[in-house]
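The values are calculated or read from the model by the stated rules, or taken from the named source; none is laboratory data. Note that the structure is predicted; figures quoted are calculated from it, not measured. Virtual Cβ from ideal backbone geometry, glycine too; neighbours counted across all protein chains shown. Protein only, heavy atoms only, side chains kept; ligands, DNA and RNA dropped before computing areas. Shrake-Rupley method; radii C 1.70, N 1.55, O 1.52, S 1.80 Å.
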Amino acid sequence: MQKGSLLIISGPAGSGKGTVCSHLLKTGDFPVGKVAEMVGFRSDSLFYRKFKAVMGVTPKAYSKEFSKHK
C-alpha cells in the first residue's frame, strides 16, 4: 500500500494511526500541513481529501473545533 493511503488516517484495527492523526490535530500544536507530513502524506491536498472522506470534515475544521475547547 502506498504512503498516504486511507489506512494512514483510518488505520487497520488497533494500529493507532488514526488516533495519532486526530490527536495531533486536536492539540493544535502543528499546522495541518505538518500533521500530514508527520503521518506520511506527501501531498496536503491528498491528506485533506482522505481525512474529509473518513472524518466528514476537513482537518482544519476538525482542528479548529477542538481549539475552541482548550
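Kindly indicate whether LYS3 is open to solvent by 80 Å² or more (accessible area, probe 1.4 Å), at negative phi and at pLDDT below 85. Lay out the reasoning, then the answer.
Details: open to solvent by 80 Å² or more (accessible area, probe 1.4 Å): yes; at negative phi: yes; at pLDDT below 85: yes.
For LYS3, the condition - open to solvent by 80 Å² or more (accessible area, probe 1.4 Å), at negative phi and at pLDDT below 85 - is met.
Output the number of residues of segment 58-70 satisfying the condition of being over 17 Å from THR19 (Cβ atoms), open to solvent by less than 70 Å² (accessible area, probe 1.4 Å) and at pLDDT 90 or above.
Selection size over segment 58-70: 2.
From the residues in segment 13-32 that are at pLDDT 85 or above and either aliphatic (A, V, I, L, M) or over 15 Å from ALA61 (Cβ atoms) (or both), which one is surrounded by the fewest Cβ atoms within 10 Å (Cβ to Cβ)? I'd like the intermediate steps shown before the answer.
Initially, segment 13-32 is screened for residues at pLDDT 85 or above, giving 24-27, 29-32.
Retained after the next criterion (residues that are either aliphatic (A, V, I, L, M) or over 15 Å from ALA61 (Cβ atoms) (or both)): 24-25, 27, 29-30, 32.
Numbers: LEU24: 19, LEU25: 26, THR27: 13, ASP29: 11, PHE30: 14, VAL32: 18.
Ranking the candidates gives ASP29 first.
Output the qualifying pairs, or none if there are none: Cβ atoms under 8 angstrom, residues six or more apart or on different chains, first residue in segment 22-46 and within 19 Å of PHE66 (Cα to Cα) and polar (S, T, N, Q), second residue modelled with pLDDT of 85 or more and surrounded by 14 or more Cβ atoms within 10 Å (Cβ to Cβ).
Pairs that qualify, where the first residue is within 19 Å of PHE66 (Cα to Cα) and polar (S, T, N, Q) and the partner is modelled with pLDDT of 85 or more and surrounded by 14 or more Cβ atoms within 10 Å (Cβ to Cβ), are SER22/TYR62.
Take segment 37-67 and flag every residue that is assigned to a helix (DSSP H, G or I), over 13 Å from LEU25 (Cα atoms) and polar (S, T, N, Q).
The answer is SER45, and nothing else.
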